[in-house]
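The values are calculated or read from the model by the stated rules, or taken from the named source; none is laboratory data. A quick note: this is a predicted structure, and the numbers were derived from the prediction, not measured. As a convention, Cβ positions derive from the backbone with ideal geometry for all residues, glycine included, and neighbour counts pool all protein chains shown.
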Amino acid sequence: MIPWIEGAMAFPPVETALRDPNGLLCAGGDLSPRRLIEAYQRGIFPWYSNGDPILWWSPDPRMVMFPADFRVSRSLRRILRAGRFEVRLDSSFPAVVHACAVTPRAGQRGTWITGEMQLAYQRLFRLGIAHSVETWDGERLVGGLYGLAIGRAFFGESMFSLVSNASKVAAAHLARFLEAEGYGMIDCQMSTGHLASLGAREIPREAFVARLRTLLAVAREPGRWPSDGAGQPWT
């Protein structure tokens with residue numbers, strides 16, 4: 001029986017999540033900023049489809065990336081050095097979230113980024129907690145990603161690409177920006193071969209939660225990231 005939360009009820013301990021590949025923890029609640037921030041601080045995230053109740057997850061193991069470990073292949077480095085794309089931060093957050101929701105993905109029908117979810121993360125963006133990294137080809141948004149920054153941890157949510165390598169370019173700039181700003185970990189949530197190819201790896205949930213506590217102990221003032229914060233030339 002999956003626990004149901006409502007009102008101000010706290011999340012159950014993450015150790016009680018189902019022992020399945022995704023770690024279903026509980027259902028119910030809402031997508032208010034308070035509830036979402038509490039979830040991420042505990043190592044929990046929402047993931048559900050239209051017509052379903054809100055479902056909350058805490059996988060074990062957890063896919064993470066340490067910013068300094070981002071793997072820049074020779075082909076990606078050539079693209080970064082060529083400067084074909086411009087990378088901006090927080091300049092078009094709603095468009096990035098919408099693109100993540102509607103861009104087709106191999107082997108996936110529909111989207112978990114419902115209209116309700118999009119509005120919830122836009123509220124967090126206005127509070128200076130959610131952020132986007134955008135890959136632009138001229139004035140066309142061709143790739144990007146979004147997630148939450150709390151303490152010294154970044155919680156990645158989704159990415160999209162309309163042209164080859166556009167999301168990888170955004171991810172490379174994100175890793176470099178986070179490393180320069182003193183962030184210690186990127187939460188990638190679920191394990192995928194694509195993320196592993198970029199340097200992400202699985203760690204036990206217990207280790208993830210322990211590291212998360214350390215990174216959240218350093219308070220950071222929420223706020224908009226500078227649009228040109230990732231725009232330095234790549235060497």
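Only one of the listed residues (Asp90, Asp69, Asp52, Asp60) is free of Cβ contacts under 8 Å to residues at least 24 places away in the same chain and among the acidic types (Asp, Glu). That residue is Asp52. Taking first residues from the range 3-26 that are surrounded by 11 or more Cβ atoms within 10 Å (Cβ to Cβ) and partners that are among the charged types (D, E, K, R), the Cβ contacts under 6 Å between residues at least 6 apart in sequence or on separate chains come to Phe11/Arg42; Gly23/Asp60.
For (1) part of a loop (DSSP other than H, G, I, E, B); (2) surrounded by fewer than 19 Cβ atoms within 10 Å (Cβ to Cβ); (3) at pLDDT 95 or above, each residue gets a yes or a no:
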| position | (1), (2), (3) |
| --- | --- |
| Ala171 | no, no, yes |
| Asp187 | no, no, yes |
| Leu195 | no, no, no |
| Val218 | yes, yes, no |
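Evaluating Gly144 against the criteria (1) within 17 Å of Ser227 (Cα to Cα); (2) out of contact with any strand residue (DSSP E or B) (no Cβ under 9 Å at 6 or more places or on another chain); (3) in contact (Cβ under 8 Å) with a residue 24 or more places away in the chain leaves one unmet condition, (2). A count restricted to the range 154-169 and to residues that are within 25 Å of Trp56 (Cβ to Cβ) and in a loop (DSSP other than H, G, I, E, B) stands at 0. Within the range 212-235, residues that are in contact (Cβ under 8 Å) with a residue 60 or more places away in the chain sit with their Cβ atoms under 7 Å from residues that are assigned to a helix (DSSP H, G or I) and exposed (fewer than 14 other Cβ atoms within 10 Å of the Cβ), at 6+ positions apart or across chains, in these pairs: Trp234/Arg81.
Picking from residues in the range 11-26 that are assigned to a helix (DSSP H, G or I) and touching a strand residue (DSSP E or B) at 6+ places or on another chain (Cβ under 8 Å), the one that is farthest from Glu116 (Cα to Cα) is Thr16. Restricting the range 27-84 to residues that are among the basic types (Lys, Arg) and part of a loop (DSSP other than H, G, I, E, B), the residue that is nearest to the chain's Cα centre (by Cα) is Arg42. Output the residues belonging to the range 181-195 that are under 15 Å from the mean Cα position of the chain (by Cα) and not β-branched (Val, Ile, Thr). Matches in the range 181-195: Tyr183, Gly184, Met185, Asp187, Cys188, Gln189, Met190, Ser191, His194, Leu195.
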